[in-house]
Amino acid sequence: MTKPKTKPTEPLSVALPVKGGPAALLRMWLDGTHTSAAAMAAQIGVTRQHIARLLAEDLRLTPEMAVIIGKWSGTKPQVWLAAQAQRDVQRLEKDLVFQHRLGQVQVWQSASLDQLRTQTDAADQTPRKARAK
């Protein structure tokens, strides 16, 4: 197995948002450590094609892969998953079919919450003997 030439002693600290999601983050990591996708793949036990597909954004980063990459890179899996979630939202913001569907969703009315609170308050005002029945 080929080891990266350099590996940071501190965990990778990346401020989200990272344009391009986990693919951009992974590219930054590989470039910064002078590690090839093939070397990474061999080290974490996946195919080179799997890493290539992650980098090309043909595959979503799964929680399992986030944990594996996190362990390999000395980072937290949550960083990788947050980058994937961010990328998912970016895609949805550009998806016209989804945007049409989203336009049909009604904003939740806070009046419903007020009604619920009024009902709850009324139940709390009920004498204890009446509630016991």
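None of the figures in this text is laboratory data; all of them are computed from the coordinates on show. Source: prediction; values computed, not measured. A quick note on method: Cβ atoms are made from the backbone with ideal geometry, for glycine too, and the neighbour counts reach across all protein chains shown.
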Study note, to complete from the structure: For K71, counting only aspartates and glutamates whose alpha-carbon sits under 16 Å away and dropping same-chain residues fewer than eight positions off, the answer is E10
Revision key, fill the gap. For region 21-122, using Cα atoms only, the Rg and Dmax in Å read 20.4, 66
Study note, to complete from the structure: Surrounding charge for G103, neighbours by C-beta under 15 angstrom, Lys/Arg +1, Asp/Glu -1, total 0
Revision key, fill the gap. Stretched fully, the stretch from D114 through S36 gains (0.36 nm per residue minus C-alpha distance, one decimal, in nm) 22.3 nm
**Study point:** Neighbour-limited loop hits for chymotrypsin sites (Phe, Trp or Tyr not before Pro), region 21-114 (at most 15 other Cβ within 10 Å; DSSP other than H, G, I, E, B)
**Key:** W108
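With an 8 Å cut-off on Cα pairs and a minimum separation of 6 or more residues, tell me the relative contact order of region 21-122 in percent.
Once normalised by length, the contact order is 24 percent.
Which FRET efficiency value, to the nearest 0.05, is calculated for R60 and V105 with the Förster distance at 25 angstrom and r the Cβ-Cβ distance?
It comes out at approximately 0.60.
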Check your understanding: Which ³J(HN,Hα) values in Hz, rounded to whole numbers, follow from the phi angles of region 92-98 under the Karplus curve 6.51 cos²θ - 1.76 cosθ + 1.60, where θ = phi - 60° and Gly and Pro get x?
Key -> 5, 5, 9, 7, 5, 5, 5
